[in-house]
Amino acid sequence: MNADKEKWILLIILSIIWGSSFILIKKSLDHFTPYQVGALRVLIAGIILMSIAISKYKLFPKKHLKWLILAAFTGNFIPMFLFPIAETEISSSIAGIINSMMPIFVIIVGTIFWKFETTKRQMTGIFISFTGVCLLAFGGGDDSKFKIFPILLLLLATLCYAISTTTVKSKLIEVSSTVLSAFVFSFVLFLPSLIALISTGFVSTFTFSKENMMGLMFVSLLSVFGTGLAMMMNYRLLKVSTPLFASTVTLLMPIVAIIWGILDGEKLTILQFAGASVIIAGLIFLRAKTVVQK
C-alpha cells in the first residue's frame, strides 16, 4: 500500500475511533470520577502493551528520553484527565468540536518550535474545515451553553496534543509506532497513572458490583481502542504523513460524535449536514503535501 492511500485510511479509522471516545468518556463518568477515568484509561493501556515493551526493551530510545517523556505526558497523560474533567460540565459533542482546534495549534507549535512550513493552500484547507466545525457547533439546535473554564481545559488538552504530535514527528519518528506506544504507556506512564489511581481512593473503595463492572467496560473500550490501538495508528500516521495532516483527524471527529448522538436519539440539523460537507471540502485541500520541515 502506498503512503498516500495508507494515510487516508488511517485518518478515517482514527476519526471513527477517537470520535467515539467522547461518548465513552461520558458513559465512564456515570460510574467513576474524572481522575479515575483518566488514570484507568492510561493504566489499562499500559498493562495491555507491557509484554511488547518488555520484549522490545533493547530498542528503548535512551538518547531521546527527554523527547519521549515530553510526548508521553503531553499526548497521553495530561489530556486523559483534562477531557473527563471538562466533560463533567459540557457535552461530549462540544468537547469533540473544541478538540478540532488541534490543526491550528500544530501550525503554531510547529512554526515556533520546529520550523515547520505550511503553504497557503493547506492553511486554507484547515480553516475551511474549521468553518465546518463551527457550523456543527452552532447547528445542534439545542440550548447548550458554553462555559469558560472547561473550554480552557479542552484548549489546553488540544495544545498538549499538538506538542506531542510535533515532538514525535521531529524527534521520535525512527521508533516503530507499536514499540513507541508500548514504551509510552508501559515504561513512562504506568507508574504515574498507578499513583494517580491510588490517590483517588479507587483501590480501597472499588467493589465488583454490576455498576462498577459496567463502568470498567466503558473505560476498557476507551483504553484499548481510543488509547492503545489509536495511538499506534496515530504514530504510524505521523510516519507516512505530517503533523498537520495527522491533526486533521480532529476535524472529522465531530461528525462521528454527532452520528453517535443520532444513534442515541438525537436529530441531525441542516446546519450540521452543511458543516460535515464543509469539513470534507476543506480536507480535499490537504491531499497535497502538508508540512515540510526545514
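In sequence order, what are the phi-derived ³J(HN,Hα) couplings for the stretch 225-233 according to the Karplus relation 6.51 cos²θ - 1.76 cosθ + 1.60 with θ = phi - 60°, rounded to whole Hz, with x for glycine and proline?
8, x, 10, x, 4, 5, 5, 4, 5
Can you work out the FRET efficiency for the pair THR124 and GLU174, with r the C-beta to C-beta distance and R0 = 35 Å, to the nearest 0.05?
Values: r = 32 Å, r/R0 = 0.92.
Computed FRET efficiency for THR124 and GLU174 comes out at 0.65.
Using Cα springs under 10 Å in a Gaussian network model of the chain, which residue among LEU29, LEU172, LEU59 shows the largest mean-square fluctuation?
LEU59
Taking only Cα atoms of the stretch 29-102, what ratio of Rg to Rh do you get with Rh as the Kirkwood inverse-distance radius? Display every interim value, and only then the final one.
Details: Rg = 15.2 Å, Rh = 14.2 Å.
We get a ratio of 1.07 for the stretch 29-102.
Taking the Cα-to-Cβ direction at LEU191 and at VAL224 and moving 7 Å from each Cα, how far apart do the two end points lie in nm?
Simple spin-label model gives 2.9 nm for this pair.
Pick out which of LEU238, LEU194, LEU49 has the largest mean-square fluctuation in a Gaussian network model of the chain, springs linking Cα atoms closer than 10 Å.
Top of the fluctuation ranking is LEU194.
Enter the Cα centre distance for the pair the stretch 53-93 and the stretch 146-182, rounded to the nearest angstrom.
One Cα centre to the other: 7 Å.
The numbers here are math on the coordinates, done by the rules we state, and not lab data. Everything numeric here is computed off the predicted structure, so don't read it as measured data. Here the Cβ is made from the backbone with ideal geometry for all residues, glycine too, and neighbour counts use every protein chain on show.
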